[in-house]
Amino acid sequence: MTTKKLLSLQLKRLLSSVAEHGHQHLGQIEADLIQTNFLLAEAIRKLNAGFMAMHTSICLQQEIVTMLLTETADDGRYAARLDAVSAEMGAHVNAAVTSLQFEDMTSQLIGRALQRIAGLDKVLETLGAGSSGMRAETGIEDIVARLSDVNRLLEQQSGKLESDLWKAVCQTHMESGDIELF
Amino acid sequence: MTKTILAVDDSGSLRQMVVFSLKAAGYQVTEAVDGQDGLEKAKQRTFDLVLTDQNMPRMDGLALIRALRKLSNYQGVPILMLTTESSDDMKAKGRAAGANGWLVKPFDPQRLTEVVKKVIG
């Protein structure tokens, strides 16, 4: 193959590699951020509802306690109502605890996105390093060799980035997950 | 006698939720911040149950389980994974490593308590 053709080939490989890997990684970052947004929105919505419900239960508990203190006769109704309201409170607290776990999942997704951004930054660094020392007089063979090195490094970096970033969080809702005993 | 649980997770907020849920049910819970910390704490005393996350720095959940199963006093101790991972492939790896169960996050405190009660009483 002629040097001119090799140059053409390496340049084409570089341009398409940068475009393809860049597109792929940015797409994944976008997907992780969208998923983070979904989880956050649902967690906040549920926490809002939970706190309102807890407030209602606390007010009701207070009403019942006030009635208990002011009434002279108690046929056990109030105690039963207090038990029922306590059980309701317990359910609201459980729901809040489930929703609060959004922090664990969203921080994993954001961490993944940040790692990917750092990886892409490294790719750009490699491109920059590939051009260092190049001058107008640089021979075509030298340019072909540099492009070949850069292409090889970019393939390695992109592949490593993909394999290092296992998608551990697939949840798109804040419902409690499955339980399986082996 | 109060049953003891070792809760291993690199997320502080998650550990807080686990401790809150299981303490309310009467269990004594010790926290560990990752697999390595969990292994060191497990070597200091034998817990009745180990509850571990998978993706953690220094030592992940599967590595922790394999290390615990090599200890003579942890041969019969139930170990449950509590993780965001839900693939059949990961569950199979967990089972092969020596896990006794798989709980997918987020957990509901009541369901967590029920499964812990089922496993260790």
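The values are calculated or read from the model by the stated rules, or taken from the named source; none is laboratory data. These figures come from a predicted structure and were not determined experimentally. Because the Cβ atoms are built from the backbone with ideal geometry, glycine has one as well, and the counts that use them run over all protein chains shown.
Summary table below
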quantity	calculated
Residues of the range B:1-28 classified as under 26 Å from B:MET90 (Cα atoms) and more than 14 Å from chain A (Cβ to nearest Cβ), total	2
Failed item in (1) over 21 Å from A:TRP166 (Cα atoms); (2) over 13 Å from the mean Cα position of the chain (by Cα); (3) surrounded by fewer than 23 Cβ atoms within 10 Å (Cβ to Cβ), with B:SER21 passing the rest	(3)
Which listed residue, of B:GLY76, B:GLY121, is surrounded by fewer than 19 Cβ atoms within 10 Å (Cβ to Cβ), on the phi > 0 side of the Ramachandran plot, more than 12 Å from chain A (Cβ to nearest Cβ) and not β-branched (Val, Ile, Thr)	B:GLY121
Inter-residue pairs, beta-carbon under 7 Å, first within 12 Å of chain B (Cβ to nearest Cβ) and in the range A:157-173, second hydroxyl-bearing (Ser, Thr, Tyr) and surrounded by fewer than 20 Cβ atoms within 10 Å (Cβ to Cβ), 6+ apart	A:CYS170/B:SER86
Any chance B:MET17 is among the hydrophobic types (A, V, I, L, M, F, W, C), part of a loop (DSSP other than H, G, I, E, B) and in contact with a helix residue (DSSP H, G or I) (Cβ under 8 Å, 6 or more places away or on another chain)	no
Subset tally (residues that are touching a residue at least 24 places away in the same chain (Cβ under 8 Å) and acidic (Asp, Glu)) for the range A:23-54	2
Residue match in the range A:105-116 (condition: of a type in the set (D, E, K, R) and under 21 Å from A:GLU162 (Cβ atoms))	yes
Count of the range B:98-121 residues which are in contact with a strand residue (DSSP E or B) (Cβ under 9 Å, 6 or more places away or on another chain) and touching a residue at least 12 places away in the same chain (Cβ under 8 Å)	14
Exclusive hit being out of contact with any helix residue (DSSP H, G or I) (no Cβ under 6 Å at 6 or more places or on another chain), on the phi < 0 side of the Ramachandran plot and within 12 Å of chain A (Cβ to nearest Cβ), set B:GLU114, B:GLU40	B:GLU114
Condition met for A:LYS167 (within 25 Å of B:LEU103 (Cα to Cα) and at pLDDT below 90)	yes
Which numbered condition B:PRO57 misses (of (1) touching a residue at least 40 places away in the same chain (Cβ under 8 Å); (2) closer than 15 Å to B:ILE5 by Cα)	(2)
Given (1) more than 21 Å from A:ALA19 (Cα to Cα); (2) aliphatic (A, V, I, L, M); (3) touching a residue at least 24 places away in the same chain (Cβ under 8 Å), index of the condition A:MET134 fails	(3)
Residue check for A:SER158: more than 30 Å from B:VAL19 (Cα to Cα) and loosely packed, with under 13 Cβ neighbours inside 10 Å	no
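Rundown of residues vs (1) under 30 Å from A:VAL85 (Cβ atoms); (2) of a type in the set (S, T, N, Q); (3) assigned to a helix (DSSP H, G or I); (4) under 14 Å from the mean Cα position of the chain (by Cα), yes/no style:
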residue: A:LYS5; (1), (2), (3), (4): no, no, yes, no
residue: A:GLN10; (1), (2), (3), (4): no, yes, yes, no
residue: A:LEU26; (1), (2), (3), (4): no, no, yes, yes
residue: A:ILE34; (1), (2), (3), (4): no, no, yes, yes
residue: A:PHE38; (1), (2), (3), (4): no, no, yes, yes
residue: A:MET54; (1), (2), (3), (4): yes, no, yes, no
